[in-house]
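Accompanying notes for the structure given below.
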Amino acid sequence: MKKILKVDSDESEEGSLNRDVISHILTRVPAKPLLSMKCISRGWNHIISSRSFIKDQLKNTNLVLNGFIVQDRYMFCKHDVKTISYIPVEPKNNAAKLVVHHNVFSFLPQDVVVLASCKGIVCCRTCFPSPNPTIYLCNPSNKDFIQFNCPPQCDITDSIALAFDFDFDFDPSKFKLVRVKRIQKYHDDYDVDESFYFTFEVYSSETKAWKKSNETCDCNYGLIKNKGLYIGGVLHWLTEGDQIITFNVEKELSLMISVPVPACEFRTVPQACIGEYEGRLHYVQVSEQGLHVWCLDSLEDYFDFKWVLKHCKLLEDFEAEYPRLFLNLRNRVLESDDTNPWMNPLGFKDGKLLIKVSAELYIYDMKNHKIAHACSFLQLNPQSLSHPTVFPHSLTLVSLKDP
């Protein structure tokens, strides 16, 4: 007869051994099934919720993309849109279709907009207009959250990014936020050309205060798409031009990186987004020439960087492989304008791309060269025709509460 190991409140040597064995095994299990296993018993819940277990689990497993957070927004209005959707990358319990979720952040005390997502932790802000603007840092997986005041003179156009470094120092209480703000330069009356620069302000959880960095970045283009992508200690912002703004959080140094292929090389304005894959920055571009994915080869030295083409697929190949989904893509891409592109990459992580084609959303798996329908754009309940901001999201067990 096999002996079944139980995890309970037994303080005997055998009970302690059982807990150690099961804890050792569970640290190699991804976060998604572990969240369900917490319901097995109080003993399992105690093990999986302990900070030491979470630390070991993060060391033994990789954070896996679970879905995309889609934040609706107005293009010019000074009011926020409360509509937030969550698109999982895989259907639940082998269901035939993906289910779009709209109440992922209902556990927060106020309506919010999503500003950033990093290693499973999400940064939100109360919707403007607000008498007391507040920032929430939360983990939707366990509904933990902390809150603090927004930086002075917080504006709806500000981009606030989140920097967590579980890989180097597992302490959920240590994090930084970076607000990047676009400022217009003022010249004499004879200079008709407008020019802009960006400033950086850093919030440290250790000082619990915002501090303006001495660093600035001259750039005449606004920020778009996936704002504040954190990879290897560096934040990245895609701009409307052919540049990516970077900011080293610890050194407080900024640098601009040119995209692999400038927009002038194409007959129509290409659509692009940035993302992370295997710990490196990736640039995804869609044009009449197809879908192209580049990887930034020199992560540690941005002064000597090189883009490497990792993946490409012709639009005609999409049509040939999926004739029921796509037709005449190249001509439609050429005929569409920048305000309403026919194909628009929205978010990318771990080789998976959320892309909008006409009024439908698809998830393209770069590794397997397969594309699957995710949902209709109307299922997101959009309040505007502006491009939404998309944040790839991974599940994590990390608790933001004090141990």
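Please treat every number below as a calculation from the coordinates, not as lab data. This is a predicted model, so every value here is computed, not measured. We place every Cβ from the backbone using ideal geometry, glycine too, and count neighbours over all the protein chains shown.
Between C127 and K208, what FRET efficiency follows from the Cβ-Cβ distance if R0 is 22 Å, with the result rounded to 0.05?
Taking R0 as 22 Å, the efficiency between C127 and K208 is 0.40.
Nearest 20 debye, what's the magnitude of the dipole of the chain about its Cα centre given +1 on Lys and Arg Cβ and -1 on Asp and Glu Cβ?
The dipole magnitude comes to about 1600 debye.
What would the Debye equation give as log₁₀ I(q)/I(0) for region 62-394 at q = 0.07, 0.09 Å⁻¹, counting only Cα atoms as equal point scatterers?
Results for region 62-394 at q = 0.07, 0.09 Å⁻¹ read -0.28, -0.47.
Once the Cα atoms of region 14-59 are picked out, what are the Rg and Dmax in Å?
When restricted to Cα atoms, region 14-59 yields Rg and Dmax of 9.7, 29 Å.
Hey, what did region 148-266 get for relative contact order, percent, Cα under 8 Å, at least 6 apart?
The normalised contact order for region 148-266 reaches 18 percent.
How much length is gained if the chain between N340 and T268 is pulled fully straight, taking 0.36 nm per residue apart and subtracting their Cα-Cα distance, in nm to one decimal?
24.7 nm
Where the centroid of each part is defined by its Cα atoms, how far is region 273-343 from region 147-165 in Å?
30 Å
What size of dipole, in debye to the nearest 20, comes out for region 14-59 about its Cα centre when the only charges are +1 on Lys and Arg C-beta atoms and -1 on Asp and Glu C-beta atoms?
Dipole of region 14-59, to the nearest 20 debye: 220 debye.
Cβ neighbours within 10 Å, averaged per peptide: list 207-215, 69-77 in order, most packed at the top.
Listed from highest to lowest mean packing, they are 69-77, 207-215.
Cα convex hull of region 132-253: how many Å³ per residue?
134 Å³
For region 188-260, just run the numbers: alpha carbon Rg, then divide by 2.2 N^0.38 Å, N being how many residues it has.
Scaled against compact globular proteins, the figure is 1.25.
Using all C-alpha to C-alpha distances in region 259-315, build P(r) with 10 Å bins and read off the rounded percent in each one.
24, 53, 22, 2
Of T339, Y74, C264, which is farthest along the charge dipole of the chain in the positive direction, counting Lys and Arg as +1 and Asp and Glu as -1 at C-beta?
Final value for the positive-end residue is Y74.
Percent relative contact order of the chain, based on C-alpha pairs within less than 8 angstrom and at least six residues apart?
16 percent
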